[in-house]
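Engineer: Have a look at this one.
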Amino acid sequence: MSLMEMAVRRATGEDVDALSSVMAEALMAQPMGVWLVPDVAERAVVLRRWAQLVLLQGLEHGRVDTTDDRAAVAVWYARLEPPPPAAAWVYDLDRLLGPHAARFALLHACVDGLRPHRPHHQLAHVAVRPGHGDAVQALLAAHHQTLDLAGLPSCAEYSGDRPGDGLLAEVGYQPRSPILLAPGGPVLWRMWRPQPCDEQPCRSAGGGLPRRVRLHRNVTPFLGRVIPTASPRSP
């Protein structure tokens, strides 16, 4: 079966439980998941609660795609205008995650503050069960086809040391400068997929992405909120 023949559909509220497990299990195996929830005894429960929140937000404000077997999930947002600030998440994060909320809030604040300035779609979250790479490729191929017809670029984030490898790079995303999470967090790379008819202007303008930043170590979480301070660095 080809990628485009694989059954891709919009997710509904009935899919949240199954897809939150897919997201949490994928994050459990990544350094980002370990950093977000250092307590191994609580990690699975906390990541699943966060995944449920992410999916519910995506269903309400964006688009959540999955396959009939629920082996993969992708959460998309159309960023044609400036989105609401990540601070809108703070109350829900604190309510659901308790003492673990601060690092999640920091992550959301970083991604929120460093989005591209030009209209685009944001691949906010993508996850797949082991051994089902075709399913997630089908999800992305379906949405990328829509973006290409509309002439829109897209962005995503990649957590790891080799942004030029892996699924996002395979489907046309190019690494830009990293977000260096502190204290002691993993590197979060911003990835950019230019629109086909505008690749050269995207390169010359940096794809609309801000310059590289390092989040200061004096980032202060308090009362479930995070206030980041970023300083520009050369590309």
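Engineer: Label-point separation (nm) for Ala150 and Ala169, each offset 7 Å from Cα along Cα-to-Cβ?
Structural biologist: 2.8 nm
Engineer: Provide the packing ranking of 104-111, 156-163, i.e. peptides ordered by the mean count of other C-beta atoms within 10 Å per residue, highest first. Working shown, then result.
Structural biologist: On the way: 104-111: 22.4, 156-163: 18.2.
So the order, starting with the most tightly packed, is 104-111, 156-163.
Engineer: If you don't mind, there's one more thing I want to ask. Ignoring ligands, DNA and RNA, how do Arg193, Arg10 rank by accessible area with a 1.4 Å probe, largest first?
Structural biologist: Numbers: Arg193 30, Arg10 120 Å².
From most accessible down to least: Arg10, Arg193.
Engineer: Further question: Can you tell me the alpha carbon radius of gyration of region 72-199 divided by the globular rule-of-thumb value 2.2 N^0.38 Å? Mind dumping the intermediate values first?
Structural biologist: Values: Rg = 15.2 Å, N = 128, 2.2 N^0.38 = 13.9 Å.
Relative to the 2.2 N^0.38 Å estimate, region 72-199 comes out at 1.09.
Engineer: Restricting to Cα pairs below 8 Å that are 6+ residues apart, what does the relative contact order work out to for region 20-70? Please round to a whole percent. Walk me through the numbers on the way to the answer.
Structural biologist: Working: 29 pairs, mean separation 18.6, N = 51.
Relative contact order of region 20-70: 36 percent.
Engineer: If you look at just the Cα atoms of region 20-104, how large are its Rg and its Dmax in Å?
Structural biologist: Computed over the Cα atoms of region 20-104, radius of gyration and Dmax are 13.5, 40 Å.
Engineer: Which far-off residues, 5 or more places away or on another chain, put their amide H under 5 Å from the one on His132, with H placed in the peptide plane?
Structural biologist: HN-HN under 5 Å from His132: empty list.
The values are calculated or read from the model by the stated rules, or taken from the named source; none is laboratory data. These figures come from a predicted structure and were not determined experimentally. Glycine gets a Cβ as well: all are built from the backbone with ideal geometry, and neighbour counts include every protein chain shown. Quick note on the areas: whole protein, heavy atoms, side chains included, nothing else; ligands and nucleic acids left out. Shrake-Rupley method; radii C 1.70, N 1.55, O 1.52, S 1.80 Å.
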